[in-house]
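**Student:** Can you keep this structure in mind? I'll have questions shortly.
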Amino acid sequence: MRRLLIIIGLLVFVLAISCDPAIPPQSGGGYSVRSDVGSIRGVSLQSRSYAEEGDAIIGVLLLFDGGDEFHIEYLDGDIRENGDGMQYNYILHIPGEISEAYAAGGGHNPGSGNPFWWYMAHYFGLSKTEIENNYKEALGLLLSNLGQKLPAAVAGDVDLSWKSAEEFVSLEDKTVGEGRLILVDADPQSDSDRLSVASQSTGPFVTLDGYGDIIRRAFYINPDGKLYFPMELVDVYCEYRGDDYKYTGSGDPLWKYMETYFGVTLSDARKDMTTVLQKLRDNQDSLPYPSAADYIAAVPVPDDPDEISGYEEFFDSDYGWLDVDAPDMSFAGIENLPLSSQLSSAAAYEQDRREYCWKTFTIREDRPKLYYPIALIKVYWEYSGEFTTSGTPFWTYMRCYFPESGLGDIDHVRQIGFEHVMNFIVEHKDGMPYPDVDDYIRNLGPAN
């Protein structure tokens, strides 16, 4: 009898464990997923089939009000617009605990959608660049986990790449005296496999109080290897270029500095951006302070026109119109400026696609990016006398042919989002004029 009672007791104990309700996420139990639709058009869910399918994603509004569950709310054909002009046809309600954990872990900009993208990147094993703003991937992952428990967010899981920039600045470095430049290096082991630079005017410190000296006199390498250069470089570069020069937000001030003091050109950076980062790291205790006199005295090292010598057969062509190779979709939520010439596209390495690279805008759908035609480089070179493969030929083209759009003003584009540029080109895919130097002179006036 005693043995029977022991066995019954063990069975009751086992049943009690197996029937215990899910632990709420506040105690580390995780989150559930609820959706108004079983699938979304254009979103791959392996081989699963559902009767109810939602429309293709136009945009998604993120709200951190989901309690202990993710809720995909489908607007059933309705398209709304938020205060920033972003259109959306889905609302994703996200557990508020995710935002709280992200903020507690020192995550950058917790009031944005960053907590959600951090959660999806960290707990689903995808890189930040693969997941960020990719709603097809994000909602597809959530839908594939219907009926499952997702891991609870933990503040300690906020890694360096998501940290607020102020965590990497010491009290001593917050005050940088005139005539001195410093380097703020979030992760000295980071590198970059892509050309990723911007001025501090668009960097993470502009939203923080008390970081004026850092913005003016510090290089900042973020944990992903992106380089922000100090505004002192912009001021000195503008002095070097003269009173008629207007800075448009390009990386030219950085490249002039690197060429003058370290002999590193933009072409070098395209081949290996780590070279630029390493030069700054090796010289961080004695970074030269720039001067227009040094720039004038230095032998200029421009981008090499030989970069487009393989396209000479098209130099005198007049196609009338440029081609646009882009998906038939609307882009949303692109905060950076993913723009390059076709010289850095995969097509440039294919011998039989030279004409394509010469006269085609390409918009990549996965990790959206715009590649502009090489013809724009050639015509800008004729117009200005400056050979550059930066974004300047594109912005100049937009100012020439589409001045009323405002999309040739890089500062304006940074404010409204680069998706407006992409959507404009998609909408005008049958009406992008082939560039002509006479049009530039007539519409923009003579170059400097």
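The values are calculated or read from the model by the stated rules, or taken from the named source; none is laboratory data. Predicted, not measured: the structure shown is a model, and the values here were computed from it. Quick reminder, even Gly has a Cβ in these numbers, built from the backbone with ideal geometry, and neighbours come from all protein chains shown. Areas reflect the complete protein model, heavy atoms only, side chains present, ligands, DNA and RNA absent. Shrake-Rupley method; radii C 1.70, N 1.55, O 1.52, S 1.80 Å.
**Student:** Once every DSSP H run of n ≥ 4 in the chain is given -39500 (n - 2.57) and the sum is divided by its residues, what mean residue ellipticity at 222 nm do you get, rounded to the nearest 500 deg cm²/dmol?
**Tutor:** Details: 17 runs with 148 residues, N = 448.
My calculation for the chain gives -9000 deg cm²/dmol from helical runs alone.
**Student:** What longest region of the chain stays clear of GluC sites (Glu not before Pro) that DSSP places outside H, G, I, E and B and that have at most 10 other Cβ atoms within 10 Å? The partial results should precede the final answer.
**Tutor:** Numbers: sites that count: E52, E172, E178.
It works out to 179-448.
**Student:** May I ask you to give the solvent-accessible area per residue for the chain, in square angstrom, as obtained with a 1.4 angstrom probe? The partial results should precede the final answer.
**Tutor:** On the way: 21880 Å² over 448 residues.
Each residue of the chain exposes 49 Å² on average to a 1.4 Å probe.
**Student:** GNM, the chain, Cα, under 10 Å: largest mean-square fluctuation among I410, I79, I308?
**Tutor:** Of I410, I79, I308, the Gaussian network model singles out I79 as fluctuating most.
**Student:** Checking a compactness column here: for region 174-271, what do you get for Rg(Cα) / (2.2 N^0.38 Å), N being the number of residues?
**Tutor:** On the way: Rg = 13.4 Å, N = 98, 2.2 N^0.38 = 12.6 Å.
Cα-based Rg divided by the globular estimate yields 1.07.
**Student:** Which order do W321, W358 take when ranked by solvent-accessible area (1.4 Å probe, heavy atoms of all protein chains), largest first?
**Tutor:** Details: W321 140, W358 0 Å².
From most accessible down to least: W321, W358.
**Student:** Expected output is a single nm value to one decimal: the length gained when fully extending between D193 and L444, i.e. 0.36 nm times separation in residues minus the C-alpha distance. What is it? Display every interim value, and only then the final one.
**Tutor:** Working: separation 251, 0.36 × 251 = 90.36 nm, distance 3.58 nm.
Answer, rounded to one decimal: 86.8 nm.
**Student:** At 25 °C and 0.890 mPa s, what whole-number value in µm²/s does Stokes-Einstein give for the translational diffusion of the chain, with Rh from the Kirkwood sum over Cα pairs? List each step's numbers first, then the result.
**Tutor:** Details: Rh = 24.8 Å.
After rounding, the answer is 99 µm²/s.
**Student:** Could you give the angle, 0 to 90 degrees to the nearest 10, between helix 231-241's Cα long axis and the longest principal axis of the Cα atoms of the chain?
**Tutor:** Between helix and principal axis, roughly 20 degrees.
**Student:** So, with a 1.4 angstrom probe, what is the percent of accessible area on the chain that is carbon and sulfur?
**Tutor:** The computed percentage sits at 47.
**Student:** Applying 1/(1 + (r/R0)^6) with R0 = 25 Å to the Cβ-Cβ distance of R34 and Q87, what FRET efficiency is obtained, to the nearest 0.05?
**Tutor:** Values: r = 24 Å, r/R0 = 0.95.
Rounded to the nearest 0.05, the efficiency is 0.60.
**Student:** Right, another one. Starting from the alpha-carbon convex hull of region 220-365, give the projected area averaged over all orientations, in nm².
**Tutor:** Working: hull surface 47.5 nm².
Taking a quarter of the hull surface, the average projection is 11.9 nm².
**Student:** Efficiency by 1/(1 + (r/R0)^6): what FRET value for E69 and S330, r their Cβ-Cβ distance, R0 = 22 Å, to the nearest 0.05? It would help to have the intermediate numbers written out before the result.
**Tutor:** Values: r = 28 Å, r/R0 = 1.29.
It comes out at approximately 0.20.
**Student:** Here is a follow-up. Angle check, please: helix 375-384 long axis (alpha carbons) against the longest principal axis of the chain (alpha carbons), in degrees 0 to 90, nearest 10.
**Tutor:** 40 degrees
**Student:** Let's test the formula: R0 of 51 Å, r as the Cβ-Cβ distance of I79 and Q148. What FRET efficiency results, to the nearest 0.05?
**Tutor:** Numbers: r = 30 Å, r/R0 = 0.59.
Approximately 0.95, to the nearest 0.05.
**Student:** For a quick check of your reading of the filter: which trypsin sites (Lys or Arg not before Pro) in region 196-295 sit in a DSSP loop and have no more than 11 other Cβ atoms within 10 Å? Spell out each step's value before the answer.
**Tutor:** On the way: sites: R216, R217, K226, R241, K246, K256, R270, K271, K279, R281; in loops: K226, K246.
The qualifying sites are K246.
**Student:** May I ask for the angle, rounded to the nearest 10°, between helix 2-18 and the longest principal axis of the chain, with both axes built from Cα atoms and the value confined to 0 to 90°?
**Tutor:** Helix 2-18 sits roughly 30 degrees off the main axis of the chain.
**Student:** If the reach is capped at under 12 angstrom between alpha carbons, list the aspartates and glutamates near K174, excluding any in the same chain fewer than eight residues apart.
**Tutor:** Qualifying aspartates and glutamates at Cα under 12 Å: E166, D209, D213.
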